[in-house]
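What follows is a set of notes on a single structure, which appears directly below.
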Amino acid sequence: MRIGFIQNHPAYGDREENLRALERALRAAGAPDLWVLPELFAVGYLFGSRAEAARLAEPVPDGPTTQALIRLARGSGSALVAGLAERAPDGRIFNSAVGVDRGGVQAVYRKIHLFDREKEWFDPGDLGFPVVALGGARVGLMICFDWRFPEAARTLALGGAQVIAHPSNLVMPFCQSAMVTRAIENRVFTVTANRIGTERADDGSELTFTGRSRIVAPDGAVLADAPEAVTAVGVVEVNPAQADDKRATARNDVLADRRTEFYRLIAPPDKNH
Ligand code: ACM
C-alpha cells in the first residue's frame with residue numbers, strides 16, 4: 001500500500017484556488033492508495049471570529065470541498081483524508097476531517113481537542129474517533145492538537161487502526177517529534193499532513209505553521225519528512241499488516257500488556273463536560 005501527505009500553503013478564504021492547487025499537486029504526484037491533507041486545507045486557519053468560521057464552513061457531504069474530494073477519489077482511485085470546516089444541519093460548526101474514497105464519504109471526524117482560539121470558533125467534536133477501511137488499510141482519524149492527548153491515538157489503536165491519518169495546522173514545535181512516540185507506543189503508522197505559511201488576523205495576531213509533515217512506522221522509523229517552509233509531497237510504500245503486530249519484545253505486547261486496573265484516573269466514568 002502507498003500512503004502519502006500533501007503539505008500545502010492555502011490562500012486564506014480562497015477555497016476554489018486551494019482546491020485547484022490541490023488538483024495540480026495530486027496530478028503531479030501520482031495516485032497512492034491513501035492521501036492525507038492538512039487540517040482546514042481549503043480555507044486556511046486564522047478565522048478571528050466564530051462568524052468568520054461559519055462563513056467558510058460547509059455541509060458534509062454536500063459542500064464543495066467534500067464533493068471535490070470525492071471527485072478526485074473517483075478520478076484517481078486514491079482515498080483521501082482531509083480537514084474542513086463543517087456546518088452541521090443544526091448550525092453547529094466543527095473543525096472536521098472527512099475520509100473519502102470512490103464510494104463517497106466513509107468517515108467524518110469532528111475535532112475533539114480544540115486548540116486555543118478554536119474554542120471560540122468551533123463546537124467541540126461529538127462523534128468519537130473513527131476507524132474505517134480506506135485505501136486498503138484500517139485508518140483512524142485525528143486532527144492536529146489531538147496529538148497532545150495520547151488517549152486519542154490510543155483510542156484509535158484500540159479501535160483497530162493500522163494507520164493514523166492526522167491532518168494538521170501545527171504552530172508549536174513539538175508534535176512532529178511526539179508523533180514518533182505516538183507511533184511506537186501504539187505500533188501504528190502515522191501520517192501527519194501539516195501546512196506552511198503565516199496568517200495574520202485583523203487584530204494583528206499572527207500564526208506561523210511549522211511544516212515538517214511526516215510519516216512514521218510502528219517501529220518509530222521516520223519514513224518521510226518534509227521541509228519546514230516549502231510545500232511538499234511525501235509518498236511511501238508500507239505494509240499495513242505490520243501495525244497488527246503489537247509486540248515490543250518477544251514477551252511484550254503494547255496493547256495486551258496494559259494494566260487498565262491501574263489507569264482508572266485516565267478515564268473516570270463520572271467525568272462529564
Ligand atoms: C492545531 O490544533 N491546529 C494547533
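Points worth noting:
- Normalised by the number of residues in the range 85-152, the average gap of Cα pairs under 8 Å and 6 or more apart makes the relative contact order 27 percent.
- Distant-in-sequence amide H partners of Q106 (H built 1.01 Å from N, under 5 Å): G99, V100, D101
- Between 0 and 90°, nearest 10: helix 15-29 axis offset from the chain longest Cα axis: 50
- Three semi-axes of the equivalent ellipsoid, the chain, Cα gyration tensor, whole Å, largest first: 28, 22, 18
- Rounded to 10°, Cα long-axis angle of helix 64-76 versus longest principal axis of the chain: 60
- Surface composition of the range 89-224: carbon plus sulfur atoms contribute 52% of the solvent-accessible area (1.4 Å probe, protein chains only, all chains present).
- Relative contact order of the range 159-273, defined on C-alpha pairs under 8 angstrom at six or more residues apart (%): 23
- The chain, accessible area per residue, ligands and nucleic acids excluded (1.4 Å, Å²): 44
- Accessible surface of the range 14-61, 1.4 Å probe: 49 percent of it comes from carbon and sulfur atoms.
- Angle between the chain longest axis and helix 175-186 axis [Cα atoms, degrees, rounded to 10]: 40
- On full extension, the segment bounded by M172 and A229 gains 19.1 nm, given 0.36 nm per residue less the C-alpha separation.
- Semi-axes of the equivalent ellipsoid for the range 148-273, Cα gyration tensor, largest first, Å: 30, 21, 10
- The range 192-273: chymotrypsin sites (Phe, Trp or Tyr not before Pro) falling in loop per DSSP and having at most 13 other Cβ within 10 Å: Y263
- Scanning residues 5 or more positions from G197 or on other chains, those with amide H under 5 Å from its amide H are F209, with H placed 1.01 Å from N in the peptide plane.
- Relative contact order (%) - the chain, alpha-carbon pairs under 8 angstrom, separation at least six: 19
- For peptides 21-33, 105-117, sequence by mean Cβ density within 10 Å, most packed first: 105-117, 21-33
The values are calculated or read from the model by the stated rules, or taken from the named source; none is laboratory data. All figures in this text were calculated on a predicted structure; none of them were measured in a lab. Here the Cβ is made from the backbone with ideal geometry for all residues, glycine too, and neighbour counts use every protein chain on show. Calculation scope for accessible area: heavy atoms of the full protein, side chains included, ligands and nucleic acids excluded. Shrake-Rupley method; radii C 1.70, N 1.55, O 1.52, S 1.80 Å.
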